[in-house]
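Notes follow the structure.
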Amino acid sequence: MGLPREFALIARHFRPLAGEGALDLGDDAALLTPPAGQQLVLAADALVEGVHFLPDDPPGMIARKLLRVNLSDLAAMGAAPLGYLMTTAFTRGTADSWIAHFVAGLAEDQQRFGIAVLGGDTVATPGPACFSLTIIGTVPPGQALHRRGAKNGDEIWVSGSIGDGALGLRVLQGKLAADAEGHLARRYRLPEPRLALGQALRGVARAAMDVSDGLVQDLGHLCRAAVCGAEISAAAVPLSAAARAALEGDAALLPLILTGGDDYELLFAAAPADADAVRAASAASGVPVVRIGRFIAGEGVVVRDGSGAAITLPQGGWSHF
């Protein structure tokens, strides 16, 4: 008797991705022995068709984004990746070749980030397609980065560049002209988890998180955890060459850049006296960082223009509800 279709699909596509402890994906659960002297870090994120990716996005890119947005959560905690569990809800009738390309994307990034699947579930749905991943990482005891911990007077830093993901979605929707290099669309489809920087910031950053729902909104989360406010300079927010060119062509894009989300950069607080340590962490990880403001007494986030005047934004960031 042959395998039922679901198990045959798992054996054909997902079993080659399985790591140690996955039991060849033949049991109901995995067995995992954490590295000695390490705490486990767990996080979960889902991607839903039409919400987090477009129906015509390449399947390999969707899979890689799924893995990378979860790795970004580990980066925000200063953790290193260990393994993951994944649930795939493919739309009924999804071609086997589509699934093969999805799995090939996972295989590519598993190799890049040194991680493997440990288990999960595979189901069919009338739609939309939905993929959920639970990431597992490790961090030395007491060294994890948290959202809470920023203090009044601390400096606000951010990695990489902001706004590319939101602008990239506009490009893919046909609402914004594509840049010659295709940088913006690629940044939307394929974020870069800042794992090395997060680990280098252990013992340096007082608070940290990744920017997924918009710079201003996510900074507000750090403020609420610290019971203080923040002010940032719009001119100091780091932009890629493609984002800067788009903004120079249409100044009305600034609110989108500041609130659009899908950046997956690290946003963190550090004491002014630790600025050199922050720069050393940046150099060690190869990830650029920029100081964009400071935490202040009060509440909420104030964004200032070049003259120091507060900028009014139509919304703080992305919300699912």
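The values are calculated or read from the model by the stated rules, or taken from the named source; none is laboratory data. Note that the coordinates shown come from a computational prediction; the quantities given were computed from them, not determined experimentally. For neighbour counting, all protein chains shown are included, and Cβ atoms are generated from backbone atoms with ideal geometry for every residue, glycine included. SASA here: full protein model, heavy atoms, side chains in, ligands and nucleic acids out. Shrake-Rupley method; radii C 1.70, N 1.55, O 1.52, S 1.80 Å.
Report, ordered by the first and then the second residue, all pairs with beta carbons closer than 6 Å, sequence separation of six or more or different chains, a first member in region 175-192 that is within 10 Å of ASP164 (Cα to Cα), and a second member that is assigned to a loop (DSSP other than H, G, I, E, B).
TYR188/ASP262; PRO191/TYR264
Kindly list the number of the only condition in (1) more than 22 Å from ARG148 (Cα to Cα); (2) assigned to a loop (DSSP other than H, G, I, E, B); (3) modelled with pLDDT of 95 or more; (4) of a type in the set (Gly, Ala, Ser) that fails for ALA205.
Single failed check for ALA205: (1).
Can you find, within region 87-111, the residue that is modelled with the lowest pLDDT among those that are of a type in the set (D, E, K, R) and closer than 16 Å to PRO16 by Cβ?
Top of the filtered list is ASP96.
Given the criteria in contact with a His (Cβ under 6 Å, 6 or more places away or on another chain), buried (at least 18 other Cβ atoms within 10 Å of the Cβ) and not in a loop (DSSP other than H, G, I, E, B), does ILE99 qualify?
So ILE99 passes the test.
Can we say ILE115 is under 24 Å from GLY26 (Cβ atoms), in a loop (DSSP other than H, G, I, E, B) and either touching a residue at least 12 places away in the same chain (Cβ under 8 Å) or out of contact with any Ser or Thr (no Cβ under 8 Å at 6 or more places or on another chain) (or both)?
yes
For every residue, the table says whether it meets (1) of a type in the set (A, V, I, L, M); (2) assigned to a helix (DSSP H, G or I); (3) over 23 Å from LEU215 (Cα atoms).
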{"site": "LEU145", "(1), (2), (3)": "yes, no, no"}
{"site": "GLY149", "(1), (2), (3)": "no, no, no"}
{"site": "GLY165", "(1), (2), (3)": "no, yes, no"}
{"site": "LEU169", "(1), (2), (3)": "yes, yes, no"}
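Can you tell me which residue is most open to solvent (accessible area, probe 1.4 Å) among those in region 38-74 that are within 11 Å of THR134 (Cα to Cα) and in contact with a Ser or Thr (Cβ under 8 Å, 6 or more places away or on another chain)?
The residue in question is LEU42.
Test ALA284 against the criterion of being open to solvent by 30 Å² or more (accessible area, probe 1.4 Å) and at negative phi, and give yes or no.
Considered against the rule, which asks whether it is open to solvent by 30 Å² or more (accessible area, probe 1.4 Å) and at negative phi, ALA284 comes out as yes.
How many residues are touching a strand residue (DSSP E or B) at 6+ places or on another chain (Cβ under 8 Å) and modelled with pLDDT of 75 or more when one looks only at region 6-18?
Count: 5.
Looking only at residues that are of a type in the set (Gly, Ala, Ser) and open to solvent by 30 Å² or more (accessible area, probe 1.4 Å) in region 19-37, which one is modelled with the lowest pLDDT?
The qualifying residue modelled with the lowest pLDDT is GLY26.
Under 8 Å between Cβ atoms, at least 6 apart or on separate chains: pull out the pairs that start in region 206-219 with a residue that is under 11 Å from ASP263 (Cβ atoms) and among the β-branched types (Val, Ile, Thr) and end on any residue that is open to solvent by 10 Å² or more (accessible area, probe 1.4 Å) and assigned to a loop (DSSP other than H, G, I, E, B).
Here the result reads VAL211/TYR264, each pair linking region 206-219 to a residue that is open to solvent by 10 Å² or more (accessible area, probe 1.4 Å) and assigned to a loop (DSSP other than H, G, I, E, B).
I'd like to check something: does region 119-141 contain any residue that is assigned to a strand (DSSP E or B), among the aromatic types (Phe, Trp, Tyr) and modelled with pLDDT of 95 or more?
Yes - at least one qualifying residue is present in region 119-141.
When you check ASP154 against the structure, is it among the charged types (D, E, K, R) and farther than 26 Å from GLY229 by Cα, yes or no?
no
Sort out which residues of region 282-311 are in contact with a Pro (Cβ under 9 Å, 6 or more places away or on another chain) and at pLDDT below 95, and write them in order of number.
Across region 282-311, the qualifying residue is only ILE311.
Restricting the search to region 75-92, which residues are under 18 Å from VAL48 (Cβ atoms) and not in a strand (DSSP E or B)?
The answer is ARG92, and nothing else.
What helices (runs of 4 or more DSSP H) completely inside region 220-321 contain at least 2 residues that are among the hydrophobic types (A, V, I, L, M, F, W, C) and under 23 Å from ASP164 (Cα atoms)? Quick ask: steps written out before the conclusion?
Values: elements: 241-249, 254-259, 275-285.
Answer list for region 220-321: 241-249, 254-259.
So the check is Cβ under 8 Å with 6+ separation or different chains; which pairs have a first residue in region 230-251 that's modelled with pLDDT of 95 or more and a second one that's hydroxyl-bearing (Ser, Thr, Tyr)?
PRO238/SER161; LEU239/SER161; SER240/SER161; ALA243/SER161
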